[in-house]
Amino acid sequence: MNIDLDIPLDQISADDFKLFFDEFLNDKSVREQSVVKGTIIEIGEDLVTVDIGYKAEGSIKKSEFINEQGELTVKVGDVVDVYLDTMSEEDGLLELSKEKADLMRAWDEISKAVEKDETVKGAIIGRVKGGLAVDIGVKAFLPGSQVDLRPVKNLDRLIGETHEFKIIKFNKKRGNIVLSRRVLLEREREDKKSETLKSLKVNAIMLGTIKNITDYGAFVDLGGIDGLLHITDMSYGRITHPSEMFEVGQQIEVKVLKYDEDSQRVSLGYKQIRPDPWDDAEYKYPVGAIVRGKVVSIVDYGAFVELEDGIEGLVHISEMTWNKRVKNPSKLVNQADLVEAMVLGIDLENRRISLGMRQLEANPWKAISDKYPVGTIVRGKVRNITDFGIFIGIEDGIDGLVHISDMSWGQRVRHPSERFNKGDEVEARVLNVDVENERFSLSIKALSEDPWLGVSGRYYLGQVIAGKVVHKADFGVFVELEDGIEGLVHYSELINGAGDWQSAYPDNQAINAEIINIDTHDRKVSLSERGAVDRAAGGDVKEILRKQGDSSARLGDIMGDLSRRMRDR
């Protein structure tokens, strides 16, 4: 029996109403502990009134109709599923719940998904011991080991994400549901892998996703199978870490360089799908060309300049400046500086380009040769002392060398430090300027006239000269005749030439000697002390020495006697 609910109750007969109520009680669609349909008839401040077609309406807390954003999800007239918990026939009170209806419907859907081996969709709502809590209509547990194909270190970052899940454990009575995302990912990976293997071959160009980045490269997911993109195959240029070029999740095109079907190892290349910049480097960077680039590395011997991605040139420190005094490249350039240079050479086989910076500046050595012609007298301070000579600073970055042999005409110099100290100011004459080899030769002895030029006019054979010992050798002593002229007295021509003769002739000892040979070509004068003594004694010394048996014990007396005779004369 149907009763028009719009008719006032006082116009309905008691018999009709009793008949209607009996039919309602016998209606199986409205019963306790079940989900029924209800219509929203009123929305109050705290309660929502719902008509389920019973003799009285039920009320549900308004909060059960509020979503996560704080919005009311229903309006008057909406039909909703509600859970009829209890109903009283005496007073007509109904206990309804929207949340329980949702929960029961969710359990029903989950049960169907388990029976049909289907997936469920859910939102990760929080972190719990051992894994994550997931809302799939009811709260379910997602173990940490089932989150992804690889262990996830930070599970908190997944909170709020929505995914499909596989139910791997279900117990409705206990309200226990365990989910897995990993199972679905493995299944998806296998499906992708089978498709990927169909097109995977050497030299194939494939689209992949960066999965992981290490110090030595990046692992790229090609679709169910991973390949290694080594850092050396990322760029023709210089990179120190793969993260400079790529980031996790980035999609890139790569080339298959190697593929081992047995181990399923794949080596990938990124730079190989781009032209090699060295292919036309010979034409782009000919010798003599002026180029511009960025300093990417500084080493002790120079600086590397990036001309373009994949091509670098070396500016050796010797090609950075004309100033030889600069010993470290960092004094001239800094990392990331933009510099200009000239191409000095290119080696395609070894992929090397030699650059020069100083070639873009005027060569100071050309100006030096014009400014200081041979014969010019220069003045400067001693900047460095070596075994073979001294370096005199002439101009900024320009030093002249005075070789040890050009320090004096006659004075024997064992080491330049015997005569000079750093900082000494000296004069010298220019001997030669070698622009090509950047050498500036000076001479100190050339400031005075060569004493050997007039030797023949000042000395002759048989002449007895007085000098002093300036140097000793194993074969005799050298006697200074004048500044720049020395003569050798062989030990066989010394009066004390037997035994330990060297101790008898200390440096600076005065000695008389006869000139027995003059060689102006080889600049040599041979002397004889015996000859000088013999000439001074008029030949008596030989007789005296013969009678005395050349005894060294009597030699001092003999020499003293000869000296007195020479003074008397």
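With a Förster radius of 30 Å applied to the beta-carbon distance between Ser145 and Glu261, the computed FRET efficiency rounds to 0.50.
Based on Cα contacts under 8 Å between residues 6+ apart, the chain shows a relative contact order of 5 percent.
Dimensions of the chain from C-alpha coordinates, computed as largest minus smallest value along each principal axis and given longest first, are 187, 57, 55 Å. Across region 237-328 the C-alpha pair distances fall into 5 Å bins from zero in the proportions 3, 9, 14, 17, 15, 13, 10, 8, 6, 3, 1, 1, 0 percent. Between the amide H of Gly302 and those of Ile317, distances stay under 5 Å, these residues lying 5 or more places away or on another chain, with hydrogens modeled in the peptide plane. Could you work out, for region 100-181, what percent of all Cα-Cα pairs fall into each 10 Å distance bin, beginning at 0 Å and stopping at the bin that holds the largest distance? Taking every Cα pair in region 100-181, the percentages come to 19, 55, 24, 3.
From most to least packed by mean Cβ count within 10 Å, the peptides 178-184, 417-423 give 178-184, 417-423.
The translational diffusion coefficient of region 364-508, from Stokes-Einstein at 25 °C and 0.890 mPa s with a Kirkwood hydrodynamic radius over alpha carbon pairs, comes to 140 µm²/s.
Taking 0.36 nm per residue of separation and subtracting the Cα-Cα distance, full extension of the segment from Thr520 to Asp46 would add 157.5 nm. Straight Cα distances below 27 angstrom link Lys153 to the lysines Lys121, Lys129, Lys139, Lys166, Lys169, Lys192, Lys193, Lys211, with same-chain residues fewer than 8 positions distant left out.
Treating each Cα of region 336-421 as an identical point scatterer and summing with the Debye formula, the log10 of I(q)/I(0) at q = 0.18, 0.22, 0.26 Å⁻¹ comes to -0.88, -1.06, -1.27.
By the rule of a C-alpha distance below 23 Å, with chain neighbours fewer than 8 residues away ignored, the lysines paired with Lys284 are Lys271, Lys294.
Our summary gives region 462-532 a relative contact order of 36 percent, counting only alpha carbon pairs under 8 angstrom and 6 or more residues apart. Pairs of C-alpha atoms in region 164-296 farther apart than 19 Å represent 62 percent of all such pairs. Computed per residue of the chain from DSSP H runs no shorter than four, each worth -39500 (n - 2.57), the mean residue ellipticity at 222 nm is -5000 deg cm²/dmol. Beyond 18 Å, the tail of the calculated P(r) for region 392-474 holds 58 percent of the Cα pairs.
Phi angles across region 148-155 convert, under the Karplus curve 6.51 cos²θ - 1.76 cosθ + 1.60 with θ = phi - 60°, into 3J(HN,Hα) values of 8, 5, 10, x, 9, 6, 10, 6 Hz, Gly and Pro given as x. If you take all other residues with their beta carbon under 15 Å from the beta carbon of Glu115, and give Lys and Arg +1 and Asp and Glu -1, the sum is +1.
The listed peptides 262-271, 301-310, ordered by packing as a protection proxy, come out as 301-310, 262-271 (highest mean of other Cβ atoms within 10 Å first). Length gained on full extension, Leu338 to Arg439: 33.2 nm, using 0.36 nm per residue less the C-alpha separation. With the convex hull of its Cα atoms as the shape, region 277-360 has an orientation-averaged projected area of 5.0 nm².
Every read-out reported here was derived from the displayed coordinates using simple, explicitly stated rules and does not represent laboratory data. Predicted, not measured: the structure shown is a model, and the values here were computed from it. Every residue, glycine as well, gets a Cβ built from its backbone with ideal geometry; the counts of neighbours run over all protein chains shown.
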